[in-house]
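Asker: My structure is below; once you've seen it, I'll send some questions.
The values are calculated or read from the model by the stated rules, or taken from the named source; none is laboratory data. Since we're looking at a predicted model, the values are computed, not measured. In this analysis, Cβ positions are derived from the backbone assuming ideal geometry, glycine residues included, and neighbour counts consider all displayed protein chains. Please note that ligands, DNA and RNA were not included when accessible areas were found on the heavy atoms of the full protein model with its side chains. Shrake-Rupley method; radii C 1.70, N 1.55, O 1.52, S 1.80 Å.
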Amino acid sequence: MNPKQRTALWIGIVLFVMVGINPPWKVVATNSPLGFSPIYHSPREQQEGVDIDMSRLIVMWIITAAITGGLIATAQDKSRGAPEKHAAPAPEKHAAPAPEKHAAPAPEKHADSARTPAQDGLVFHFPERGVGDVLVESDDDPDYLNFFAEARGKVTVPRHKKIQLEMRKGEKIDLSFLSSLGNKEARSAIYSIDLSQCKFDDATLRNLTWLPQLEELDLSGSTVSDMFTEHLIHVPQLKKIWLDETEITSQSAAALGKLDHLNKLSLVGAKIAEEEIKLLRDKHPECDIVFEEGNT
């Protein structure tokens with residue numbers, strides 16, 4: 001606010017106060033308007049039955065405010081925002097020409113130092129028909145996953161977030177889309193895939209090799225069979241597998257035993273015999289193996 005505007009503001013404040021101190025009056029009985037008189041002294045000609053005419057007082061305050069606003073607006077510095085003009089400096093006289101000075105070259109800017117918003121996230125390309133949901137780790141609790149988006153079309157997920165793909169239940173799933181899902185950085189962010197209650201051919205599980213950091217695989221209640229174990233050697237980094245209520249039998253025990261990083265294996269309702277489960281426990285004593293007594 002420039003000096004002229006401040007002056008206009010103070011004039012408005014003074015007028016506002018003056019109108020309040022000397023308000024208009026009226027006869028209460030007839031609602032007839034009277035003149036102006038100090039607020040502490042009603043008009044002498046009618047000592048009784050008079051009161052401040054609030055309607056007129058409010059109108060006058062509104063008019064005062066409008067005039068003040070107009071004065072402030074018109075007093076605005078019109079030169080604001082215009083480029084500042086400086087007088088050209090007089091040429092300096094030297095006895096001899098000074099050596100030319102060069103400014104140090106500005107550091108070169110690389111594309112990595114000026115990322116666009118799209119570059120700040122991991123871009124995934126899912127089938128347009130949609131295959132399920134994308135879940136990301138919570139900001140408050142890394143062990144908790146929040147729904148982020150439907151796994152359909154182009155999806156951009158913030159960097160440095162663990163991602164789980166939850167495939168659509170009850171539908172036949174083809175994982176071949178993983179080969180064109182995104183670049184290696186994006187695919188490496190997917191640490192878990194939920195295929196529970198899904199239908200698929202075991203051969204499609206070979207596409208899990210496109211997820212180099214996959215740690216968790218949930219196949220509970222799916223149509224998985226013993227043939228899937230031939231693909232496990234290509235995802236040796238798996239740490240947790242759920243095979244509850246599946247047709248998996250003791251034939252898969254040997255392949256499961258070759259997963260050196262396994263620390264959780266759930267076999268509730270699977271058809272792996274207790275003897276094989278005990279062998280798995282002996283080979284991986286640090287692994288939490290969950291099963292029902294009497295597995296056959």
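Asker: Scan region 150-175 and report the pairs whose first residue is farther than 21 Å from residue 207 by Cα and of a type outside the set (Gly, Ala, Ser) and whose second residue is open to solvent by less than 50 Å² (accessible area, probe 1.4 Å) and in a loop (DSSP other than H, G, I, E, B), with Cβ atoms within less than 9 Å and a gap of 6+ or a chain change.
Answerer: Pairs found: 157/189; 159/189; 160/189; 161/189.
Asker: State which residue is farthest from residue 233 (Cα to Cα) when the search covers only region 159-213 and only residues that are within 25 Å of the chain's Cα centre (by Cα) and β-branched (Val, Ile, Thr).
Answerer: That would be 163.
Asker: Looking only at region 250-262, count every residue that is open to solvent by 10 Å² or more (accessible area, probe 1.4 Å) and under 36 Å from the mean Cα position of the chain (by Cα) and tell me the total.
Answerer: Going through region 250-262 one residue at a time, the tally reaches 1.
Asker: Being more than 17 Å from residue 290 (Cβ to Cβ) and either charged (D, E, K, R) or crowded, with 17+ Cβ neighbours inside 10 Å (or both) is the filter here, so list the residues in region 225-249 that pass it.
Answerer: 226, 228, 229, 230, 231, 232, 235, 247
Asker: Considering only region 61-77, state which residues are open to solvent by less than 60 Å² (accessible area, probe 1.4 Å) and of a type outside the set (Gly, Ala, Ser).
Answerer: 64, 68, 72
Asker: Which one of 235, 224 is of a type in the set (A, V, I, L, M, F, W, C) and over 23 Å from residue 143 (Cβ atoms)?
Answerer: 224
Asker: Which condition does residue 268 not pass, out of (1) within 24 Å of residue 184 (Cα to Cα); (2) surrounded by 14 or more Cβ atoms within 10 Å (Cβ to Cβ), if it passes all the others?
Answerer: Condition (1) is where residue 268 drops out.
Asker: Can I ask one more? Restricting attention to strands (runs of 3 or more DSSP E) lying wholly within region 134-173, give those where 2 or more residues are of a type outside the set (A, V, I, L, M, F, W, C) and surrounded by 15 or more Cβ atoms within 10 Å (Cβ to Cβ).
Answerer: 163-167
Asker: Looking at region 178-212 only, could you name the residues that are outside any loop (DSSP other than H, G, I, E, B), open to solvent by 40 Å² or more (accessible area, probe 1.4 Å) and more than 21 Å from residue 247 (Cβ to Cβ)?
Answerer: 179, 180, 184, 185, 209, 210
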